[in-house]
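Inspection log for the structure reproduced underneath, given as structure tokens.
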Amino acid sequence: MPGADDPSEHKRELRGRLRERRRRLGASEVASARESAERHAPIAGLRTVAGYLATEGEIPVDGILLRALRDGASVLLPRMRADGGIDFVALDGKSAATVLASVADGVTPPGFSLGRGGILEPSGPAVDPSRVALPAAVLVPAVALDRAGRRLGRGGGAYDRVLGGLRDLGWRAIGVCHSAHLLERVPSEPHDAPVDALLTDLGLFEVARPAPRQGDLD
């Protein structure tokens, strides 16, 4: 039975408390966080950007994705797989702006359906992450983050299953959360995948990785 020091129990308690707090955010608070995050989003020069469709008071990133589209980048959205992983589906460049605007207005666009947790997901073929144009980045929704890049998600582990592989392919992972949920330390377990940078309504924070030891370089 999990004890007080068990990280999985700590994560469940923290996740439930923070998600409930986030659900209570007003529309104006979410809109303000969205505008601030858009100003700080590090997408200049990216050729591929994977985002998400916000729920439960998450910071929306549709404005960031629209900016990426205008800059000529390919934009991808996630779709959950039956095995608990994530596929990414590319939005058609001609209709992407209309699709994102529809979602922002609460309208389900053609080719989308409700997936797990009531999140809208795109249909269409999955993109091979190893074949996208680089540089590439994935915007990762988070319940909470800390300055070491530890991330608390919804609890399903979907992003934990894919982030390591994306990073090996040269992708950059950018965790997104409200600044009020930027914690001193997020509880973690060995399977949890960290992010490379933190995007909040207060700005962008790079994650400092420890320098490799001499023995690791030999």
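Structural remarks
- Test for ASP92: is it part of a strand (DSSP E or B) and among the acidic types (Asp, Glu): no
- Looking across region 22-41, the residues that are among the basic types (Lys, Arg) and in contact (Cβ under 8 Å) with a residue 12 or more places away in the chain come down to ARG22, ARG23, ARG24, ARG34.
- Qualifying positions in region 3-26 - over 17 Å from ARG154 (Cα atoms) and within 20 Å of the chain's Cα centre (by Cα): LEU25
- Residue in region 21-32 that is touching a Ser or Thr at 6+ places or on another chain (Cβ under 9 Å) and outside any loop (DSSP other than H, G, I, E, B) present: no
- Set side by side, the residues GLY16, GLY45 differ, and just one is modelled with pLDDT of 90 or more and not in a loop (DSSP other than H, G, I, E, B), which is GLY16.
- Residue pairs meeting the criteria (Cβ under 7 Å; at least 6 apart or on separate chains; first closer than 25 Å to GLY57 by Cβ and without any contact (Cβ under 8 Å) to a residue 40 or more places away in the chain, in region 162-190; second part of a helix (DSSP H, G or I) and of a type in the set (A, V, I, L, M, F, W, C)): ALA173/LEU163; ALA173/LEU166
- Of the residues making up region 69-89, none is in a helix (DSSP H, G or I) and of a type in the set (Gly, Ala, Ser).
- Residue within region 144-164 that is surrounded by fewer than 15 Cβ atoms within 10 Å (Cβ to Cβ), acidic (Asp, Glu) and farther than 17 Å from ALA54 by Cα present: no
- Failed item, numbered, when THR55 is tested on (1) in contact (Cβ under 8 Å) with a residue 24 or more places away in the chain; (2) assigned to a helix (DSSP H, G or I); (3) in contact with a strand residue (DSSP E or B) (Cβ under 9 Å, 6 or more places away or on another chain): (2)
- Within region 112-134, residues that are touching a residue at least 12 places away in the same chain (Cβ under 8 Å) sit with their Cβ atoms under 9 Å from residues that are loosely packed, with under 11 Cβ neighbours inside 10 Å and in a loop (DSSP other than H, G, I, E, B), at 6+ positions apart or across chains, in these pairs: PHE112/SER123.
The values are calculated or read from the model by the stated rules, or taken from the named source; none is laboratory data. Just so it is clear, the structure is predicted and the values come from calculations on it, not from any experiment. When we count neighbours, we look across all protein chains shown, and the Cβ atoms used for this are built from the backbone with ideal geometry, even at glycine.
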